[in-house]
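The values are calculated or read from the model by the stated rules, or taken from the named source; none is laboratory data. Owing to the predicted nature of the structure, the values given are computational and were not obtained by experimental measurement. We place every Cβ from the backbone using ideal geometry, glycine too, and count neighbours over all the protein chains shown. All accessible areas refer to the heavy atoms of the entire protein, side chains included, with ligands and DNA or RNA removed. Shrake-Rupley method; radii C 1.70, N 1.55, O 1.52, S 1.80 Å.
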Amino acid sequence: YVAAVYEHESILSPNPAALVDRQSALELMGRNLDIYEQQVVAAARQGAQIIVFPEDGIHGFNFTRSSIYPYLDFVLYSQSVKWNPCREPYLFNDTEVLQRLSCMALKNKIFLVANLGTKQPCEHTDPHCPADGRYQFNTNVAFSDDGMLVATYRKHNLYFEYAFDTPPEPDYKVFDTPFAGKFGMFTCFDILFFEPAVNLIRQYNLKQVVYPTAWMNQLPLLSAVEFQQAFATAFNINILAANIHHPTLGMTGSGIYTPVKSFIYHNMESYGGKLIVAEIPVITTDYKTGLEKTPGRVSEKGNEQLPPLFYAEMMYDIFTFVPVWGEKGELQVCANTLCCYLNYRTAVLTDELYALGVFDGLHTVHGTYYVQACALVKCGGLSFSTCGQEVTDATALIDFQLWGNMSTPYIFPLLLTSGITLDFADHMGWKNNHYFMSKNRTSSGLLTAALYGRWYEKD
């Protein structure tokens, strides 16, 4: 099927904390919706059957709970009522944004997914009801190609979004399409947690996911395109990911991903939006990962000097590292219960410093979640203290096999190359209670090769 995602540079309110009336809010959102409309037309012309827009794309961000209020649409949060906002605009008040999105889908005969702020009044008898008598949600909406509202999803894992409430229960939202079956949806930070993302995919055996996001890139392990690809690979699904485009905030990185191929956009230099349209296969069966030979154990030869262990901060966590020296070798590094192993041969020798790092513990900055990671990274410079820094370019080509005795089944294989481009492992999977990934000759210089494990039970 043909899918489209749009990386949008939002027109932002100059002062999001200021209180404005509904009319001014609609005016600002209308300018973003005008751009959406042009992109829907362009995507439909290229044969797209579904288009996905980013999180916060219509209203922007940095609001307070009260300043966002005029930007919120009312959504009837009940699946029993069938509603076409374009054809039945009179049913509910404060639905101007929904009406416009619905009409775009209808006019262009395309499925459309977008993100907006919504409000829902609640009774004080409801124990979760906020003091001001209403819920405010960060919401994804999906419209069918005739403008019907077919799914609404309220973001569960908020990322310091004080204007919004967490829904009392996680939403598991799917919608049906004639061209690719069921699609599930979740938003941004959700991708790092079990609820609802992983649970949704498992319960509904999903093969397609739409994913609006407003993601601030963080190298070396959590760049947007890097993690989106890893997620598609780990769960053997297609992901249509639309990110916001604000390079000054470190926000870029969208794509259409399959487990074996991707169409991505990552651009920190220029301004303006970007439409990606690609034809991808509907996944019906599971790809088998070819398992080659069993990884060999690291031999402890008495006369060889082991490379020194050192500690450095990466992603706000203290990783235990060993340097990757010389043309080839076998390395091992452990922390807590996790041991990581690397066999490597450098195809193109350079004077760059690489290191193999391990972390097994609770990550606590910008969110709390338990990580088990084995990571081969290019360091920022030639001293140990630069390992874990954000690096975007590399020239070394390394053949490697990386594996670890992970305690969780949820492993996201990251493979990032020079200039924030993606590569695919030759082989990966489980073997003898170890998860491994191997690659001969990356397409360009290696930035990061990592097994990023999420141990959800220990969050």
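What number, rounded to the nearest 500 deg cm²/dmol, is the helix-based mean residue ellipticity at 222 nm of the chain, given -39500 (n - 2.57) per DSSP H run of at least four residues and division by all its residues?
-4000 deg cm²/dmol
Which order do Phe74, Phe189 take when ranked by solvent-accessible area (1.4 Å probe, heavy atoms of all protein chains), largest first?
Phe74, Phe189
If Lys and Arg each add +1 and Asp and Glu each add -1, what is the summed charge of the other residues whose beta carbon sits under 10 Å from the beta carbon of Phe193?
-2
Between the range 257-274 and the range 46-111, how far is it from one alpha carbon centroid to the other, in angstrom?
Distance between centres, Cα-based: 25 Å.
Not counting ligands, DNA or RNA, and with a 1.4 Å probe, what is Arg87's accessible surface area in Å² rounded to the nearest 10?
140
On the accessible surface of the chain, probed at 1.4 Å, how many percent belong to carbon and sulfur atoms?
52
Strictly under 4.7 angstrom between C-beta atoms: which cysteines of the chain have no such partner?
Isolated Cys, the chain: Cys188.
Please get the size of the charge dipole for the chain, origin at its Cα centre, with Cβ charges of +1 on Lys and Arg and -1 on Asp and Glu, quoted in debye to the nearest 20.
Charge dipole of the chain: 960 debye, to the nearest 20.
Report, in whole Å, the centroid distance computed from the Cα atoms of the range 160-187 and the range 114-147.
Comparing the Cα centres of the range 160-187 and the range 114-147, I get a distance of 12 Å.
Would you mind checking the tilt of helix 96-108 against the longest principal axis of the Cα atoms of the chain, expressed as 0 to 90 degrees and rounded to 10?
Here the helix axis deviates by roughly 80 degrees.
Ordering Phe235, Phe137 by how much accessible area each has at a 1.4 Å probe, largest first, what is the list?
From most accessible down to least: Phe235, Phe137.
Per residue, how much accessible area does the chain have with a 1.4 Å probe, in Å²?
Ligands and nucleic acids excluded, the result is 40 Å² per residue.
With an 8 Å cut-off on Cα pairs and a minimum separation of 6 or more residues, tell me the relative contact order of the range 360-459 in percent.
38
Please give the peptides 111-121, 56-66 ranked by average Cβ packing (other Cβ atoms within 10 Å per residue), highest first, as a rough proxy for protection.
With the highest mean Cβ count within 10 Å placed first, the list reads 111-121, 56-66.
Taking 32 Å as the cut-off for C-alpha to C-alpha distance, list the pairs among Lys107/Lys155; Lys431/Lys458; Lys109/Lys439 that go past it.
Lys109/Lys439
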